[in-house]
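The values are calculated or read from the model by the stated rules, or taken from the named source; none is laboratory data. No experiment lies behind these values; they were computed from the predicted model shown. We place every Cβ from the backbone using ideal geometry, glycine too, and count neighbours over all the protein chains shown.
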Amino acid sequence: MNYSLEIENLSKTYPHSDFYLDNVSFSIPEGCIMGFVGENGAGKTTTISIILNTIKKDSGTVKVLGQEMDGNNTDVREDIGVVFDANNFSTALTPKKLANVMAKVYKNWNQKFFIATTRKLDIPLDKKIKQFSRGMTTKLAITVALSHSPKLLILDEATSGLDPVVREEILDIFLEFVENENHSILMSSHITSDLEKVADYITFIHQGKIILTEKKDTLIYKYGIARCKSEQFSHLDKEDILSYRKRGYQVDVLVRDKKAFERKYDSIIIDNGTIDEIMLLLIKGKD
């Protein structure tokens, strides 16, 4: 299997801070979307900043398309498209003028693709960016990121604060992008319903540590949440419990194999879990 992004034992500490990245490791296969989730301050943006070499790591390796990222490797940056949750363009420019600037920055700038995508997304070429809505600005940022022909797209809360219609448009663009099996996406987002629609894998990070990487379909359809009464919970075997959380007289139990659990404990109700519910049990629950 070929990987677009490989992170191994990534560590980072900060002076006068208790936060640190603790041997973060995960990989994104080519042609896949990886959802990157965790609470605020968990380490998502720090990890992304190290990938982009805007923050120096203490140790570990980052490989993009098989090449290790460092300050001297500028060619691989052409293959990375980046979209943050804030506008990083001069608001005095129009999209047309912005495209002229980007054509001088990127060797592989594709003007035809840029024009076609702005038309598809109804982005006005001659209107100043300062007059754009949040949704329009985000659509422009994604269009720019894709117009220099990247192979890896990195999104840091790019869809936050957008209405559902705009988000649906953008998710369709992401799915079209990974139809090319050489393309991949790392998508950090608090909107886990978006990840449930498009992600192939989910990586959970908590307090600077990776606590789980799993296929999305496995999380949603194979994992389960057992709804136990306190007495039922007391009779569960420990090896059947991935994590649990008490809620009044009920105990929610995260299990790795829903069907096997049902066969063993046929009197206990077990449901599919959303990514939000699974994350909550992994972070707030006990094991």
Cross-chain or 6+ apart pairs with Cβ under 9 Å, the range 124-136 first and in contact (Cβ under 8 Å) with a residue 60 or more places away in the chain and on the phi < 0 side of the Ramachandran plot, then hydrophobic (A, V, I, L, M, F, W, C) and part of a loop (DSSP other than H, G, I, E, B): none
Kindly check whether there is at least one residue in the range 62-77 that is in contact (Cβ under 8 Å) with a residue 60 or more places away in the chain and touching a helix residue (DSSP H, G or I) at 6+ places or on another chain (Cβ under 7 Å). yes
Leu195 - would you say it is assigned by TED's automatic domain parsing to the domain that holds Thr118, surrounded by 15 or more Cβ atoms within 10 Å (Cβ to Cβ) and in a helix (DSSP H, G or I)? yes
Just checking, how many residues over the range 91-123 are touching a residue at least 24 places away in the same chain (Cβ under 8 Å), among the hydrophobic types (A, V, I, L, M, F, W, C) and surrounded by 14 or more Cβ atoms within 10 Å (Cβ to Cβ)? 9
Return only the number of the condition from (1) in contact with a Lys or Arg (Cβ under 9 Å, 6 or more places away or on another chain); (2) within 14 Å of Lys151 (Cα to Cα); (3) buried (at least 23 other Cβ atoms within 10 Å of the Cβ) that Ile185 does not satisfy. (1)
(1) touching a helix residue (DSSP H, G or I) at 6+ places or on another chain (Cβ under 9 Å); (2) of a type outside the set (Ser, Thr, Tyr); (3) surrounded by 13 or more Cβ atoms within 10 Å (Cβ to Cβ); (4) more than 29 Å from Ile28 (Cα to Cα): which one isn't true of Leu162, the others all being true? (4)
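Residue-by-condition table, conditions (1) under 11 Å from the mean Cα position of the chain (by Cα); (2) in a strand (DSSP E or B); (3) closer than 15 Å to Lys139 by Cα; (4) modelled with pLDDT under 90:
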{"position": "Val166", "(1), (2), (3), (4)": "no, no, yes, yes"}
{"position": "Asn182", "(1), (2), (3), (4)": "no, no, no, no"}
{"position": "Ile185", "(1), (2), (3), (4)": "yes, yes, no, no"}
{"position": "Phe204", "(1), (2), (3), (4)": "yes, yes, no, no"}
Return the residues of the range 125-141 that are within 14 Å of Ile173 (Cα to Cα) and of a type in the set (Lys, Arg); say none if nothing qualifies. Lys139
Report yes if some residue within the range 129-141 is closer than 23 Å to Glu30 by Cβ and among the polar types (S, T, N, Q); otherwise report no. no
Based on this model, can you work out whether Asp22 counts as assigned to a strand (DSSP E or B) and in the same structural domain as Leu186 (by TED's automatic domain parsing)? yes
When the residues of the range 55-106 are filtered to those that are touching a strand residue (DSSP E or B) at 6+ places or on another chain (Cβ under 7 Å) and in a helix (DSSP H, G or I), which remaining residue is modelled with the highest pLDDT? Asp79
Qualifying strands (runs of 3 or more DSSP E) (wholly inside the range 242-287; at least 2 residues being closer than 22 Å to Glu39 by Cβ and of a type in the set (Lys, Arg)): 243-247
State yes or no: is Glu30 surrounded by fewer than 19 Cβ atoms within 10 Å (Cβ to Cβ), closer than 26 Å to Thr137 by Cα and charged (D, E, K, R)? no
